[in-house]
1. Does Pro189 meet the test of being assigned to a loop (DSSP other than H, G, I, E, B), within 22 Å of Ser155 (Cα to Cα) and open to solvent by less than 10 Å² (accessible area, probe 1.4 Å)?
2. Check every one of the strands (runs of 3 or more DSSP E) wholly within the range 281-335 and list those with 1 or more residues that are within 22 Å of Val372 (Cα to Cα), in contact with a strand residue (DSSP E or B) (Cβ under 9 Å, 6 or more places away or on another chain) and open to solvent by 20 Å² or more (accessible area, probe 1.4 Å).
3. Looking only at residues in the range 99-154 that are part of a loop (DSSP other than H, G, I, E, B) and acidic (Asp, Glu), which one is nearest to Phe75 (Cα to Cα)?
4. State the number of residues belonging to the range 498-510 that are more than 24 Å from the chain's Cα centre (by Cα) and either open to solvent by 50 Å² or more (accessible area, probe 1.4 Å) or of a type in the set (A, V, I, L, M) (or both).
5. Output the strands (runs of 3 or more DSSP E) that fall wholly within the range 427-479 and possess 2 or more residues being within 23 Å of Arg316 (Cα to Cα) and in contact (Cβ under 8 Å) with a residue 24 or more places away in the chain, or say none.
6. Going residue by residue through the range 590-609, is there one that turns out to be assigned to a helix (DSSP H, G or I), open to solvent by less than 40 Å² (accessible area, probe 1.4 Å) and under 21 Å from Trp774 (Cα atoms)?
7. So which of Gly199, Gly161, Gly192, Gly186 is free of Cβ contacts under 8 Å to residues at least 60 places away in the same chain, on the phi > 0 side of the Ramachandran plot and touching a strand residue (DSSP E or B) at 6+ places or on another chain (Cβ under 8 Å)?
8. Any idea which of (1) farther than 20 Å from Lys565 by Cβ; (2) at pLDDT 95 or above; (3) charged (D, E, K, R) is the one Asp622 doesn't satisfy?
Amino acid sequence: MRTCTLILMLPALAIATLAGDRDWANFRGPDVTGVATGTLFSGKANVGLKEAWRTSIGSGYAGVVVQGDTAVTAFKSGEHDVLAAFDAGTGKERWRLTLEETYVGHDGSHDGPLMTPTIAGNRVFALGARGRFVAADLASGRLLWEADLTEQYQSNKPHYGYTSSPVVRDGVLVMQLGADDAAVAGFDPETGKRLWTAGGEPVDYQSPVPFRFGGREQIVAACRTKLYAVDARSGELFWEHPHEGNGGTGMMSIVPVVTGPDTIFLAHKEDGCCALKFTSGEEGVKVETLWENRAIRKSYNVPIHYEGYLYAYSSRFLTCVDAATGETMWRSREPGDGFMSLADGHLVLATKDGGLHVVKATPDAYEHVAGVELFENLCWNSVAIANGSIYIRSLDELARIDVTGAAPAMAARESGDPRTQFAAFLNQVAEAENKQQQVDQFIASVKQFPLIEGNSLVHFLYKGPARDVAVGSELFGARQERAMTHVAGTDLWYLSVPIEPDARVNYVLLTDFETGVDPRNDRTCKSILYGPEMEMNFRQPFDMSWFAMPDWNEPTYLAEAAEAKRGKVESHELDSEKLAGKAPFEVYLPAGYPQSGVRYPVAYLHGGRGARAMGNLTNALDNLCGDSVAPLIVVMINAQSRGRSEAYGEMVATELVPFIDKTYQTDPRKEARANVGQGFAGMDAIMTGLTHTDVFSKLGVQSGFAFGTPGSTDEVIAGAAGKPVEIYLEWSKYDLRNPHEAWDLAQVNRDMADTFRKHGFSPKGGEVPIGSDWANWSGRLHAVFGSLFPLNGKSPA
């Protein structure tokens, strides 16, 4: 690593390094610790939260910074992203400065700027998502200087855009630059001139923090592989240390948390965290891992250290951890997933669903103090606490909240429709002398769990000792769950959800934060999309419970077929020039193959290994062929595109198809060939089929997972316009999605269907009320193959 010291002494600057004692001028407050100065709640017997003002703004992830009577944030406005200042007393906008063209959200992000601005003295500094770095006059918004990080300094733009917030120390503006020869850089805050660089590697969504160690002020920056400690004034590299982190909520978004004069906490891994101890000696700085565990993980929130304890979100649960040992002191589902700041011994939490909550910062237990629901839209940043007020924003509003001495009454939680039979039972329990006996008798009378009432209501039930129980399900999405209600005086928990009469979905129970199947439901399946705590999991099968509503038609064709109906499977491997390697595949041949004089249509099924292992594909084909589907050959492709969609498609069209036609008794017409795929493999089917319409004329897709490819998919569909392609596109209402993270694969498929229609195609299929994954897709194979290859030319109903 190199360190260039370009200056020995800086001239006196008109820039103040530190803002006022009660300002919130940086990302995460005065010292970049998330902790406010001054008192906010002390002396109040009861704490209330009162809205002082709110104003409409545009989309964006930028937090709020406050100095004196000025609050600053950034957001989307029309076709541009802007930096804007507001009167902290009234909420009236004072000025706005265009940053750059609106940064359009993608792959699970919303539109707008990402970083939180920094105020130092009379200047505010901001970084656009594309890399435009600006300084503006705090009073007027006048542009003072600008720099383009990508063009001028060859910075590597992160996938979701620039997010890092700079910090000013010793008269220097320190930024994580993320260039191959400059991981961290110092800038003159008056001119924007780069003064020094240190390290060299990309940066993702991390921001630097101050750290006083060994009697010297340092700036610590976590980059993609290492921690760097630099001198803000000179750029001298004090030390560097490989952090060995991984993952989006780990390595890519680490913000170091200083926990003592020689210790730092890192939420550095997707599924884990650690505490580091630094010792300075003659041979340099020695770094020791004090502890490493899973106490804090899978969250974009930056933890806060306070009086020896770490307060954090671990997954979606509020958590207190002993900073010295890593021991978890308590966990709480309430008040909901979000982001935190701290003031006057209290956590101030902005929840993603638009709430503001105050929780006492104590290792003893979770203690809620006050709360109010503020916004209907998503809130994705921590609050600013300045001059006795709280500043909070959502994707479309900015508000100031004042702390009062009177707590408003919280709305009572509704228990469900009182007209239902289950609600009547709950009323009986409430009035009974022996409540537990009522519950025991009721549970003994339930024949199947969860309890289905009528044809459009499901009651999830859990009976047993627990402090917290929730339901995770495709009904709610990835990284989501719904808390169950405890029936007082009993060991019963419940959650009631309205649902379609013909729905079928998977679910799990989270009992005291541990994920498992429903112990009272013997219907289980394997998921390759979800894992513990409803995190996405594409690596290994995960056990889930499932249920279906009365009008769902259970597929009988997934059972093993009679011997006379069983086909056979042959394994092959191509030496592919297109993929420069092996391309394994298997071929399903229907019962009776080959019949004399019969030429068989062929379906090229992408993701074949998963379809056989998880989808009971062979059983389905055995039972469907000759029943509702014309006997056909199915080529189950086990090779993967892995970002090589063009080469992969060429392999299928120009190498695999000729091999199959030469080896087997196929119908060689393109009208007899289809590409079929589910999930990610569905996108391989689309890309292959529509870019080779001279070879294929049928396409069948279930829940195409267009992560990061909607634009290219639209181009491929447009390019095939006018070609005679028969399309069956079906998707699940409860497909992979996350309401907080701007991605919904059901909506992606709805949009895809519209794009097909826009370009003259007439796709069959549509939306069905089931979950995602092979446990659900397999029950719809009759519709896919029956539409593309109907028996005697008649598609199934």
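The values are calculated or read from the model by the stated rules, or taken from the named source; none is laboratory data. Note that the coordinates shown come from a computational prediction; the quantities given were computed from them, not determined experimentally. Glycine gets a Cβ as well: all are built from the backbone with ideal geometry, and neighbour counts include every protein chain shown. Just the protein is used for accessible areas: all its heavy atoms, side chains included, with ligands, DNA and RNA removed. Shrake-Rupley method; radii C 1.70, N 1.55, O 1.52, S 1.80 Å.
1. yes
2. Details: elements: 284-293, 304-306, 309-314, 317-322, 328-332.
Passing ranges, in order: 328-332.
3. Asp111
4. Summing the residues that are more than 24 Å from the chain's Cα centre (by Cα) and either open to solvent by 50 Å² or more (accessible area, probe 1.4 Å) or of a type in the set (A, V, I, L, M) (or both) in the range 498-510 gives 4.
5. On the way: elements: 451-453, 457-463, 469-473.
Passing ranges, in order: 457-463, 469-473.
6. Yes, some residue in the range 590-609 is assigned to a helix (DSSP H, G or I), open to solvent by less than 40 Å² (accessible area, probe 1.4 Å) and under 21 Å from Trp774 (Cα atoms).
7. Answer to the check: Gly192.
8. Every listed condition holds for Asp622 apart from (1).
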